[in-house]
1. Kindly state which helices (runs of 4 or more DSSP H) lie completely within segment A:116-175 and contain at least 3 residues that are of a type in the set (A, V, I, L, M, F, W, C) and closer than 14 Å to B:L277 by Cβ.
2. Evaluate the following for A:V266: is it out of contact with any strand residue (DSSP E or B) (no Cβ under 9 Å at 6 or more places or on another chain) and either surrounded by fewer than 23 Cβ atoms within 10 Å (Cβ to Cβ) or aliphatic (A, V, I, L, M) (or both)?
3. If the Cβ limit is 8 Å and pairs must be 6+ apart or interchain, which residue in segment B:62-88 that is in the same structural domain as B:G153 (by TED's automatic domain parsing) and modelled with pLDDT under 95 pairs with which residue that is part of a helix (DSSP H, G or I) and not β-branched (V, I, T)?
4. Looking only at segment A:283-316, filter to residues that are surrounded by fewer than 18 Cβ atoms within 10 Å (Cβ to Cβ) and in a loop (DSSP other than H, G, I, E, B); which one of those is farthest from the other protein chains (Cβ to nearest Cβ)?
5. From the residues in segment A:227-256 that are β-branched (V, I, T) and buried (at least 23 other Cβ atoms within 10 Å of the Cβ), which one is nearest to A:E167 (Cα to Cα)?
6. Please give the helices (runs of 4 or more DSSP H) falling wholly within segment A:34-110 in which 1 or more residues are of a type in the set (G, A, S).
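The values are calculated or read from the model by the stated rules, or taken from the named source; none is laboratory data. Keep in mind that this is a model prediction, so the values were computed, not measured. Glycine gets a Cβ as well: all are built from the backbone with ideal geometry, and neighbour counts include every protein chain shown.
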Amino acid sequence: MESTAAEQLPEIIVLGPPAIFRSYDKKFSSRFRVLRPWESPLPLAQFLAAEAHNTQAALCSGESVPADLLRQLPALWLVVTPSAGVNHIDLLECRRRGIAVANAATTFSADVADLAVGLLLDVLRKISAGNRFVRNGLLSKKGTYPLGFKLGGKKVGIVGLGSIGLEVAKRLEAFGCTISYHSRNKKPSLTYVYHPDICKLALESDILILCCALTDQTHHMINREVLLALGKEGVIVNIARGPVIDEKALVYCLQQGEIAGAGLDVFEDEPRVPNELFELNNVVLTPHCAFFTEESLRDLYELICGNLEAFFSNKHLLSLVSEE
Amino acid sequence: MDAIGVLMVCPMNTYLEQELDKRFNLLRYWTQPRQHEFLTQHAESIRAVVGNASAGADAKLIESLPKLEIVSSFSVGMDKIDLNKCKERGIRVTNTPDVLTDDVADLAIGLMLAVLRRICACDKYVRSGGWKSGDFKLTTKFSGKTVGIIGLGRIGLAIAKRAEGFDCPISYYSRSEKPNTNYKYHKSVVELASNCDILVVACALTPETTHIVNREVINALGPKGVLINIGRGPHVDEAELVSALVEGRLGGAGLDVFEKEPEVPEQLFDLDNVVLLPHVGSATVETRKAMADLVVGNLEAHFANKPLLTPVV
């Protein structure tokens, strides 16, 4: 009886698996019949050929979903990604096949914005460094600690003013910062100052916060020129994607004191982080966890199920990624 | 002007020392091996004392300085100054309000984010190579959590304004309810602690507020609650706090101040839900300069018989 009930559940294939699936495996399995390629001894291509030729929906992870993988799922009509970013999915192939893509929409925006502000405060006020100082017993021995830098009144340049960028702006305004931004297009409804040129934004800003998607245009957008424009008292925070910054140039600028500090949640080749950064006290490093809270994961689980259930009932998807 | 003796009780800021050197005869108390003799020797010329959060002017010091006219504190907190003694002797007292409000409020939020999102623990995880073995565990969302503020003065209000940017509902405890706020008032600290996720101490230290965060309050805050202290160490019963954290009865803490600075309870060092800072609430280049200018400005005003800039007494 139990297996018949399970067979009647709509079938999905999970690729990865993503962290959300690992945390919510049982719950997903009570709502869907789940194909788990990682549990099979077969290589992925054989597993898909054997098991997934009728599968209409896939839940992927942050790993690549290229055209040739999509071609091995001939009945696929929906890819659900647990991320806001969709650059890891071959969108051209999806468009060609009419495969819909649903993402995490704004589920994480508050959490990611929170971490951006947390990283910024940590760099400016030396929170992680101060915490290490105290724990090394240095407060009793050395007493004084180097001064940090004030956040209020600073000019913040936000790169990418989507849902996350807007949440960052809202938070930093409450700290007395002035907000400018760089984006593909100007947003006429906003009063923030727009800079079509990223270098000019960096020149005019004390702080740069990267909140943009990773695309061909934004790849290595933050290069040596931009960092030098940001200047010796400038701070950069990256909660977008590692490759938006030319990481070698960033490391060099930090070592040379060409910028004052950096808060980084993402890196070009995760989980590898340039060792040179470990020697610096003015950088704060987190392991791509800006979205990774209990609350966001719970909300994400509901959104993913909502999208899948809408799909299987022929209703509108909750977070369809539209073409831009 | 340069005959006026100004006694600085402990090192606090080299820019301040330079500016005082230019205008007065600055005497650096901490450099003296025999402090009692030093005071006796200079008693007739010392007309001002400059103190800070660590050391100020207690009754004993005041009594040994018969020519003392003004105590100018490089801090907003007055807990290290015997204000009653000063009033009694007609000694003026100034502090450094407003210029440090933003920095202290910023640090309170920074500590909340550092604790809930485990930023310091994450940084340690990456630096130690832990990320290669797997992701860091799930942390707790900050946005939308209820922030309870003890003391809704300048700093408390600044913390509230910032937390509202994160959609945090705000509640508070104060000696009396404040009109003109939308924030929820609680009649007792225990009631406040029972009804918030993050409790932050932002009131002045007085005999009444010493140990205002005690065992009962800590238990009310609970195993998911977080305590942030950017006030003074003695606001919190530190022994109770340490045992609650070690036993898991309190969810976490961000502490910039301690009961017996510079001593910090070592039992806290291994806890990744605790962030410890070396009393840096106002410690930015910009703010310390503004505070120093205020100290100098107050002393100049006093000795020129002009109105004090930021008098307390």
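1. Numbers: elements: A:127-135, A:138-142, A:163-173.
Where helices (runs of 4 or more DSSP H) fall fully within segment A:116-175 and carry at least 3 residues being of a type in the set (A, V, I, L, M, F, W, C) and closer than 14 Å to B:L277 by Cβ, they are A:127-135.
2. On the way: out of contact with any strand residue (DSSP E or B) (no Cβ under 9 Å at 6 or more places or on another chain): no; either surrounded by fewer than 23 Cβ atoms within 10 Å (Cβ to Cβ) or aliphatic (A, V, I, L, M) (or both): yes.
Spelling it out, it is not the case that A:V266 is out of contact with any strand residue (DSSP E or B) (no Cβ under 9 Å at 6 or more places or on another chain) and either surrounded by fewer than 23 Cβ atoms within 10 Å (Cβ to Cβ) or aliphatic (A, V, I, L, M) (or both).
3. Correct list of pairs: empty, since none qualify.
4. Only one residue tops the list, namely A:N314.
5. A:I239
6. Helices (runs of 4 or more DSSP H) meeting the threshold: A:44-51, A:67-71.
Conditions tested, residue by residue: (1) modelled with pLDDT under 95; (2) closer than 25 Å to B:T101 by Cβ; (3) surrounded by 23 or more Cβ atoms within 10 Å (Cβ to Cβ); (4) assigned by TED's automatic domain parsing to the domain that holds B:A121.
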position: B:E208; (1), (2), (3), (4): no, yes, no, yes
position: B:I212; (1), (2), (3), (4): no, yes, no, yes
position: B:A220; (1), (2), (3), (4): no, no, no, yes
position: B:N229; (1), (2), (3), (4): no, yes, yes, yes
position: B:P234; (1), (2), (3), (4): no, yes, no, yes
position: B:L241; (1), (2), (3), (4): no, no, yes, yes
position: B:E259; (1), (2), (3), (4): no, yes, no, yes
position: B:F269; (1), (2), (3), (4): no, no, no, yes
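Let's see how each residue does on (1) in contact (Cβ under 8 Å) with a residue 60 or more places away in the chain; (2) surrounded by fewer than 22 Cβ atoms within 10 Å (Cβ to Cβ); (3) over 30 Å from B:P278 (Cα atoms):
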position: A:R36; (1), (2), (3): no, yes, yes
position: A:V80; (1), (2), (3): yes, no, yes
position: A:G85; (1), (2), (3): yes, yes, yes
position: A:T106; (1), (2), (3): no, yes, yes
